[in-house]
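The values are calculated or read from the model by the stated rules, or taken from the named source; none is laboratory data. These figures come from a predicted structure and were not determined experimentally. Here Cβ is always computed from backbone atoms with ideal geometry, including for glycine, and neighbour counts include all displayed protein chains.
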Amino acid sequence: RKLVGKLSTGCVEFNEMMGGGIDTQAITEMYGEFGSGKTQVAHQLAVNVQLPKEQGGLDGSVIIIDTENTFRPERIKQMVEGLSEKYGQEYDYEEFLKHIHVARAFNSNHQILLVDSAMELANELKNSDKPVRLIIVDSLTAHFRAEYIGRGTLADRQQKLNKHLHGLQRFGDLFNACVVVTNQVMAKPDAFFGDPTKPIGGHIVGHTATFRLYLRKSKGDKRIVRLVDSPNLPDAEAIISVTTAGLRD
Ligand code: GTP
Ligand code: MG
């Protein structure tokens, strides 16, 4: 078993809440309503993972399984410029983009298959100077939600999601990588999905994910990140800002 790595979020409070950062060999689920910042955090982690260890990174590359077509290279550029500002050092955003491998998932089955492709790519890069140390699935549940409609399909959906998550956990273990997945919850109660404060996928996502982060909007660019039901850390909250330059305290 390899030593667990820690990936910095770039935010002091958020890192402290996580015991230093996002763990490798674990699934971290971010859930929250639209605009709560899940995709923004995902972009920032895709940048940070490439940094050297002294700057909170894992010297690695990242694979993003993008199910909603929300990956934005321009946003990466802004965040890399934000890093230059923060560390008073020049970074080349094209270098950063080169190490972000984005795959679009067209439906839930395709999404599951892409984990196998991710394994192949990670194997190829294993001995390179930028091994894959982070995999992001944004959104984990959107396709499942759209495809499995009606009460009769619930068991089937959960079974598929479960299989998907186990594949992701295996990826995290094999490559000593962080696994970060997003999951939308509705602001208002929903007839089918029920309690708005509970993530879609319910218990299966909840039990498989090692760390569950509930994101919600606050004033202006502020977002509240709540650590929920962690096995070894106290429940806590951290406030972050989503700025043009990226995540800040
Ligand atoms: P869904 O995917 O719809 O569930 O939402 P999400 O949780 O992924 O939200 P997302 O991370 O996309 O957050 C959107 C919010 O981030 C916006 O409302 C803005 O407040 C902020 N944001 C997004 N892009 C930028 C940007 O380029 N600059 C700045 N300053 N803020 C941004
Ligand atoms: Mg999003």
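Please go through the range 38-60 and pick out each residue that is among the small types (Gly, Ala, Ser) and within 16 Å of ligand 2 (Cβ to nearest atom). Steps first, please.
Within the range 38-60, the first condition is being among the small types (Gly, Ala, Ser), and the residues that meet it are 42, 46, 56-57, 60.
Passing the criteria: 42, 46.
Looking for something in a helix (DSSP H, G or I), closer than 26 Å to residue 18 by Cβ and away from ligand 1 (no atom under 16 Å from the Cβ) - is there at least one such residue anywhere in the range 64-81? Within the range 64-81, not a single residue is in a helix (DSSP H, G or I), closer than 26 Å to residue 18 by Cβ and away from ligand 1 (no atom under 16 Å from the Cβ). Annotation: of all residues in the range 16-36 being near ligand 2 (Cβ under 10 Å from one of its atoms) and crowded, with 24+ Cβ neighbours inside 10 Å, the one that is nearest to residue 219 (Cα to Cα) is 36.
Within the range 173-182, track down each residue that is buried (at least 24 other Cβ atoms within 10 Å of the Cβ) and of a type outside the set (A, V, I, L, M, F, W, C). Hit for the range 173-182 is 182, nothing else. Inspect the range 124-131 for any residue being within 22 Å of residue 166 (Cβ to Cβ), buried (at least 22 other Cβ atoms within 10 Å of the Cβ), modelled with pLDDT of 95 or more and more than 16 Å from ligand 2 (Cβ to nearest atom) and give the result as yes or no. Taking every residue of the range 124-131 in turn, none turns out to be within 22 Å of residue 166 (Cβ to Cβ), buried (at least 22 other Cβ atoms within 10 Å of the Cβ), modelled with pLDDT of 95 or more and more than 16 Å from ligand 2 (Cβ to nearest atom). In the range 228-249, the residues that are of a type in the set (Gly, Ala, Ser) reach residues that are more than 15 Å from ligand 1 (Cβ to nearest atom) and in a strand (DSSP E or B) with C-beta atoms within less than 6 angstrom, at least six apart or across chains, in these pairs: 230/211; 236/227. Taking residue 80 as the residue in question, decide whether it is surrounded by fewer than 23 Cβ atoms within 10 Å (Cβ to Cβ) and either within 20 Å of residue 215 (Cα to Cα) or at pLDDT 95 or above (or both). Considered against the rule, which asks whether it is surrounded by fewer than 23 Cβ atoms within 10 Å (Cβ to Cβ) and either within 20 Å of residue 215 (Cα to Cα) or at pLDDT 95 or above (or both), residue 80 comes out as yes. The lone criterion from (1) out of contact with any Leu (no Cβ under 8 Å at 6 or more places or on another chain); (2) at positive phi; (3) modelled with pLDDT under 90; (4) not basic (Lys, Arg) left unmet by residue 220 is number (3).
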